[in-house]
């Protein structure tokens with residue numbers, strides 16, 4: 001299920017996502033978005049709509065401060081873990097906590113959060129997650145030097161994923177992270 005794409009352009013993070021809700025061979029076009037803003041963050045999720053609902057409506061996202069890499073790997077993740085656990089969504093497998101996968105844009109930087117709570121920042125300035133992620137990554141790579149506007153690149157990536165993955169469908173939605181205040 002899903003494709004979430006993100007890219008950094010002119011010190012802003014832009015995200016795009018599809019609307020598919022998939023269970024087995026059944027697909028439902030969902031009205032509730034997979035991408036949204038939460039405080040200073042733009043977020044887009046895959047894995048579970050329940051996790052996304054918690055991220056959107058229950059996660060009290062901490063204000064970014066200090067060195068952003070350290071902050072994301074510690075303060076952000078600790079608050080995230082507590083939210084998912086309190087919301088009944090976090091899982092344990094062989095005594096290791098697991099969550100889901102999503103993209104986060106903040107202060108002009110793009111991060112992927114994976115199911116083991118690792119924080120990854122792509123060197124290319126773009127990322128894609130979900131079952132359509134690899135198709136979207138190919139489109140993002142192919143359009144990197146074409147001078148396209150961010151939304152056009154995101155749309156091409158989402159369209160490529162929708163064309164090649166049965167778990168991705170329109171309509172597509174978009175969000176841009178707020179600019180960092182000086």
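Of note:
- Qualifying positions in segment 113-150 - closer than 20 Å to residue 180 by Cβ and not in a loop (DSSP other than H, G, I, E, B): 113, 119, 126, 127, 150
- Some residue of segment 66-81 being modelled with pLDDT of 95 or more and in contact with a helix residue (DSSP H, G or I) (Cβ under 6 Å, 6 or more places away or on another chain): no
- Strands (runs of 3 or more DSSP E) fully within segment 1-51 that include at least 2 residues being within 26 Å of residue 179 (Cα to Cα) and touching a strand residue (DSSP E or B) at 6+ places or on another chain (Cβ under 7 Å): 4-9, 12-17, 35-38, 41-45.
- Of all the residues in segment 84-101, those that are more than 17 Å from the chain's Cα centre (by Cα) and in a helix (DSSP H, G or I) number 2.
- If you go through segment 170-182 and pick out every residue that is in contact with a strand residue (DSSP E or B) (Cβ under 6 Å, 6 or more places away or on another chain) and modelled with pLDDT under 95, you end up with 1.
- Matching option when the condition is free of Cβ contacts under 8 Å to residues at least 12 places away in the same chain and surrounded by fewer than 17 Cβ atoms within 10 Å (Cβ to Cβ), among 50, 37, 79, 26: 26
- Residue in segment 56-72 that is closer than 21 Å to residue 112 by Cβ, surrounded by 17 or more Cβ atoms within 10 Å (Cβ to Cβ), touching a residue at least 40 places away in the same chain (Cβ under 8 Å) and within 11 Å of the chain's Cα centre (by Cα) present: no
The values are calculated or read from the model by the stated rules, or taken from the named source; none is laboratory data. As the structure is a computational prediction, the values presented were derived from the model and not from experiment. Here the Cβ is made from the backbone with ideal geometry for all residues, glycine too, and neighbour counts use every protein chain on show.
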